[in-house]
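Engineer: The structure follows.
The values are calculated or read from the model by the stated rules, or taken from the named source; none is laboratory data. Just so you know, these numbers come straight off a predicted model, no measurement behind them. Note that each Cβ is placed from the backbone with ideal geometry, even for glycine, and that neighbours are counted across all protein chains shown. Accessible surface areas use protein heavy atoms only, side chains included; no ligands, DNA or RNA. Shrake-Rupley method; radii C 1.70, N 1.55, O 1.52, S 1.80 Å.
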Amino acid sequence: NVTLERQAGSIGFSLAYVGSHSVGLLYPRNINQPLPGLAKFSSYLYPGLNNITWVENGGGESYNSLQLAASKTMGKGLTFTSGFTWAHDMTDQLDSGNFDGQLIQNAYDRHVERANNTYTVRRRLFGVAVWAVPVGSGQRFFNRMPRTVNAVLGGWRLSSTLTLQTGQFFTPSFTGFDPSNTNHIGGRPDVVPGVSTIPSGGQNIAQWINLGAFSVPGCPLATPVCSSPANIGRFGDAGNNILVGPPMRNVDLALMKDFHPVERILLNFEVQATDAFNHTNFGNPSANISSPATGAVITATLTNYLQGSGGARAVYVMLRLKF
């Protein structure tokens, strides 16, 4: 990590390069998979057995990012903080929700799996504002209220968090055929040279990607999704996570106050609204070129688990006791 910081008046700036490199990551492969080739699939390497998933070390990941941050305090009750991250995270151990990652397509070639990390977005901007409401003891307004009234009306803080980020990465696919003759039905398609993945009319939730940019391996370019692909004896040449989903925009709001009923007791009260304006953030389409009617259509929204606090609006009321 390399960080440069500077203060200019009441504004603080930070510029940092943050990078990491990981080796020996776990990844799974099917050690019963025959070699891809023109011979039609007849049996696995160990006849009588199906997939044999072997998990071993050998995967890697490289993360590089430029991170900018700035903060400014206005008066004694208003603070702004913002940051921007431009990142690139490449790995051949793609997260699938399991500890060992995604089963690689070709058991004999891990390197073609190397791609953008699914959940590391390329660009992310955030902004945080915290305002101490100027009401109550020591504040600008109503600073001479009785102690009991001040305990209720004074000392409130309001905060807002804005998050803007580019979409998550995802992978095109096809179904129904075994072009590699390994009994691996479906998988990643071929890339059609010179054809953009962006629809000619622009991206919208009804057509986020141009499925015509891909073809079933073995199908002619004139009929990219054909009914009888040629026997080519290989996997598709499209990489993992070469597509980018819809961007995410989110605003969270929170109202907070500390109460001191006695000297050694602290009650922290907070009302938090995630996605306060209930802005819909969409997920990725299936990108299955074998289903042209639905493959490019976005049908799902992101959840809190996937995008932090960017799912449908939720309101939380919390009371913490500290002593």
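Engineer: Write out, first by first residue and then by second, each pair whose Cβ atoms fall under 6 Å of each other, whose residues are 6+ apart or on separate chains, and whose first residue, in the stretch 207-230, is acidic (Asp, Glu) while the second is surrounded by 14 or more Cβ atoms within 10 Å (Cβ to Cβ).
Structural biologist: Listed pairs, sorted by first residue: none to list.
Engineer: Which members of the stretch 129-138 meet the condition of being assigned to a loop (DSSP other than H, G, I, E, B) and open to solvent by 60 Å² or more (accessible area, probe 1.4 Å)? Don't jump to the end; show me each part of the working.
Structural biologist: Residues of the stretch 129-138 that are assigned to a loop (DSSP other than H, G, I, E, B), as a first pass: 133-134, 136-138.
Hit for the stretch 129-138 is 137, nothing else.
Condition check ((1) among the small types (Gly, Ala, Ser); (2) farther than 30 Å from residue 104 by Cα; (3) in contact with a helix residue (DSSP H, G or I) (Cβ under 6 Å, 6 or more places away or on another chain)) across all residues:
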residue: 231; (1), (2), (3): no, no, no
residue: 248; (1), (2), (3): no, no, yes
residue: 252; (1), (2), (3): no, yes, no
residue: 259; (1), (2), (3): no, yes, no
residue: 274; (1), (2), (3): no, yes, no
residue: 287; (1), (2), (3): yes, no, no
residue: 301; (1), (2), (3): no, no, no
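Engineer: From the list 126, 170, 99, 141, which residue is open to solvent by less than 50 Å² (accessible area, probe 1.4 Å) and among the aromatic types (Phe, Trp, Tyr)?
Structural biologist: Testing whether each residue is open to solvent by less than 50 Å² (accessible area, probe 1.4 Å) and among the aromatic types (Phe, Trp, Tyr) leaves just 170.
Engineer: Whether any residue in the stretch 209-216 is open to solvent by 30 Å² or more (accessible area, probe 1.4 Å), more than 30 Å from residue 128 (Cα to Cα) and assigned to a loop (DSSP other than H, G, I, E, B) is what I want to check.
Structural biologist: yes
Engineer: Give me the pairs, please: first residue somewhere in the stretch 189-202 and within 23 Å of residue 176 (Cα to Cα), second residue anywhere and open to solvent by less than 20 Å² (accessible area, probe 1.4 Å) and among the hydroxyl-bearing types (Ser, Thr, Tyr), beta-carbon distance under 9 Å, and either six or more positions apart or on two chains.
Structural biologist: 189/215; 190/215; 191/215; 192/215
Engineer: Right, another one. List, please: which pairs have Cβ atoms under 6 Å, are six or more places apart or on different chains, and start with a residue in the stretch 90-102 that is farther than 16 Å from residue 30 by Cβ and end with one that is open to solvent by less than 70 Å² (accessible area, probe 1.4 Å) and among the β-branched types (Val, Ile, Thr)?
Structural biologist: Partner pairs satisfying both residue conditions: 95/118.
Engineer: Which condition from (1) at pLDDT below 95; (2) more than 24 Å from residue 285 (Cβ to Cβ); (3) open to solvent by less than 40 Å² (accessible area, probe 1.4 Å); (4) not hydroxyl-bearing (Ser, Thr, Tyr) is the one that residue 94 breaks?
Structural biologist: Checking residue 94 against (1) at pLDDT below 95; (2) more than 24 Å from residue 285 (Cβ to Cβ); (3) open to solvent by less than 40 Å² (accessible area, probe 1.4 Å); (4) not hydroxyl-bearing (Ser, Thr, Tyr), the one that fails is (2).
Engineer: Select from the stretch 151-179 the residues that are in a strand (DSSP E or B) and small (Gly, Ala, Ser) and list them in ascending order. Spell out the reasoning first.
Structural biologist: Looking only at the stretch 151-179, we keep the residues that are in a strand (DSSP E or B), and these are 157-165, 169-170, 173-174.
Correct list: 159, 160, 173.
Condition check ((1) at pLDDT below 95; (2) open to solvent by 50 Å² or more (accessible area, probe 1.4 Å); (3) within 27 Å of the chain's Cα centre (by Cα)) across all residues:
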| residue | (1), (2), (3) |
| --- | --- |
| 4 | yes, yes, no |
| 37 | no, no, no |
| 76 | yes, yes, no |
| 114 | no, yes, yes |
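Engineer: Determine the pairs where a residue that is on the phi > 0 side of the Ramachandran plot, located within the stretch 231-256, has a partner that is surrounded by fewer than 21 Cβ atoms within 10 Å (Cβ to Cβ) and small (Gly, Ala, Ser) with Cβ atoms under 6 Å apart, the partner being 6 or more residues away or on another chain.
Structural biologist: 233/37; 241/115
Conditions tested, residue by residue: (1) assigned to a loop (DSSP other than H, G, I, E, B); (2) polar (S, T, N, Q); (3) at pLDDT 95 or above; (4) surrounded by fewer than 20 Cβ atoms within 10 Å (Cβ to Cβ).
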residue	(1), (2), (3), (4)
222	yes, no, no, yes
235	yes, no, yes, no
271	no, no, no, yes
295	yes, no, no, no
305	no, no, no, yes
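Engineer: Return the total of residues in the stretch 273-287 being part of a loop (DSSP other than H, G, I, E, B) and either touching a Cys at 6+ places or on another chain (Cβ under 6 Å) or among the β-branched types (Val, Ile, Thr) (or both).
Structural biologist: From the stretch 273-287, those part of a loop (DSSP other than H, G, I, E, B) are 275-281, 283-287; that's our starting set.
Adding the requirement that they be either touching a Cys at 6+ places or on another chain (Cβ under 6 Å) or among the β-branched types (Val, Ile, Thr) (or both) leaves 280.
Of the residues in that region, 1 qualify.
Engineer: In addition: Could you please find all residues in the stretch 118-136 being of a type in the set (Gly, Ala, Ser) and in contact with a strand residue (DSSP E or B) (Cβ under 7 Å, 6 or more places away or on another chain)?
Structural biologist: Going residue by residue through the stretch 118-136, those that are of a type in the set (Gly, Ala, Ser) are 127, 129, 132, 136.
Of everything in the stretch 118-136, those that are of a type in the set (Gly, Ala, Ser) and in contact with a strand residue (DSSP E or B) (Cβ under 7 Å, 6 or more places away or on another chain) turn out to be 127, 129, 132.
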